[in-house]
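Some notes on the structure that comes next.
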């Protein structure tokens, strides 16, 4: 399967993320990440994640995911720009022709998915192809005032924040995560690779 993967991360208030996490999950950084994949130029998949530690493993917690055919997702291309749209999200990626890496990948055992049968870990995928940095713009639209942001042409770090405020616990949903304001888009890239079916 030919995969074109678009990854972007944005900074948020870490205490707001902590209020969403289920028991046993610890927030690692004040970040939310949107991963999107165009698979074989036919299927579109999008997921929203938060960096966590759980049961001694550091990785990502899947907050929600959507796929074309099941959800109202679509993508369009114009030159170096790819637009991904759904009724609740708009994303725009424009490749800038500069290659680089992603520091968060060095400390990633995979992505946790919550199911009725418990939490399952999808191990991190090894991708050796070069990543191309992107300019990126996004806007959630579940409700008025949801998070939105624009990249500033460079990758920014995100460091753990000590607890400053305790928010009332909320369900782990895309709607609740999208309501956390974006401080700044921290970075975005595209990587294209061949995924072997398991």
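The values are calculated or read from the model by the stated rules, or taken from the named source; none is laboratory data. Only a predicted model underlies this, so the values are computations on that prediction, with no experimental measurement involved. Cβ placement follows ideal geometry from the backbone for every residue including glycine, while neighbour counts extend to all protein chains displayed.
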Next on the checklist: Of the conditions (1) touching a helix residue (DSSP H, G or I) at 6+ places or on another chain (Cβ under 8 Å); (2) more than 17 Å from residue 88 (Cα to Cα); (3) surrounded by 14 or more Cβ atoms within 10 Å (Cβ to Cβ), residue 188 satisfies every one except a single condition; which number is it?
Outcome noted: (1)
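Conditions (1) modelled with pLDDT under 95; (2) more than 23 Å from residue 195 (Cβ to Cβ); (3) loosely packed, with under 14 Cβ neighbours inside 10 Å, marked per residue:
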| site | (1), (2), (3) |
| --- | --- |
| 14 | no, yes, no |
| 57 | yes, no, yes |
| 61 | no, no, no |
| 106 | yes, no, yes |
Checklist entry - (1) in contact with a helix residue (DSSP H, G or I) (Cβ under 8 Å, 6 or more places away or on another chain); (2) in a strand (DSSP E or B); (3) closer than 22 Å to residue 169 by Cα: which one isn't true of residue 9, the others all being true? => result (3)
Item to check | Elements of type strands (runs of 3 or more DSSP E) contained in region 56-133, each with 3 or more residues being out of contact with any helix residue (DSSP H, G or I) (no Cβ under 6 Å at 6 or more places or on another chain) and closer than 24 Å to residue 156 by Cβ | outcome: 57-67, 81-86, 89-100
Checklist entry - Is it the case that region 162-171 has a residue that's within 15 Å of the chain's Cα centre (by Cα) and either within 18 Å of residue 51 (Cβ to Cβ) or surrounded by 16 or more Cβ atoms within 10 Å (Cβ to Cβ) (or both)? => result no
